[in-house]
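Notes follow the structure.
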Amino acid sequence: MFFRSSILRVTPARHVTPARHLSSLPPVRHPTPTEALALPVTFSDISRAAIAIQGGIRHPPSRRSHYLSELTGMHVYLKRELNQFTGSFKERGARNTLISLQREWAQDPSAARAGVIAASAGNHASALAYHGGLLDVPVTVVMPTVAPFAKVNKCRELGARVIIHGEDIGESK
């Protein structure tokens, strides 16, 4: 079984605080390339996500990219996602995943109290912390020692529990 995004579900029995207990978490199983291709994202998936997140995401302006339009022979517009609260497009995926998990948790409220845990060096962690706070979902982020100090502090300010673990994001996972 694998999970969308890089969010793991944590049961109350496995909810841990100190970094030395990270080895007690079940191993993460990522989809194989074949499995990933067997799970295409459809227009319906995108539409459903857009509706689900609309109340908590800013709608930034789009601007025509003259360079990309010329390069592709089409009109290409880019959204200015830096206008999101955390300054990153990662908010869309984080909010959608948390809302999807909340639906699953309706069947098992104890899982909701445990919240989510994710490894990230910055933008995804900030997005989870922010939207976790808005949606009342406890968030734990595991960040490597090289994570920018500003990102670590921002996650804490947004209410996430931060665990510093590993020299890089690979070790944080």
Q. Using a 1.4 angstrom probe with every protein chain in place, what is the largest-first accessible-area order of I46, I164?
A. I46, I164
Q: Please report the relative contact order for region 32-173, taking Cα pairs under 8 Å with a sequence separation of at least 6, and give it as a percent rounded to a whole number.
A: 17 percent
Q.
Output wanted: per-residue J couplings in Hz (rounded whole) for region 125-141, from phi through Karplus 6.51 cos²θ - 1.76 cosθ + 1.60, θ = phi - 60°, x for Gly and Pro.
A. 4, 4, 5, 5, 4, 5, 6, x, x, 5, 9, 6, 10, x, 10, 10, 10
Q: Skip the ligands, DNA and RNA, and give the accessible area per residue of region 68-155 with a 1.4 Å probe, whole Å².
A: 49 Å²
Q. Taking amide H positions as placed 1.01 Å from N in the peptide plane, with prolines and chain starts having none, which residues 5 or more places from I163, or on another chain, fall under 5 Å of its amide H?
A. V141, V142, M143
(Q) I'd like the FRET efficiency for R64 and Q107, computed as 1/(1 + (r/R0)^6) with the beta carbon distance as r and R0 of 35 Å, rounded to 0.05. (A) 0.15
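The values are calculated or read from the model by the stated rules, or taken from the named source; none is laboratory data. Just so it is clear, the structure is predicted and the values come from calculations on it, not from any experiment. All Cβ positions, even for glycine, are placed from backbone atoms using ideal geometry, and neighbour counts span all protein chains on display. With ligands, DNA and RNA removed, areas are computed over all heavy atoms of the protein, side chains included. Shrake-Rupley method; radii C 1.70, N 1.55, O 1.52, S 1.80 Å.
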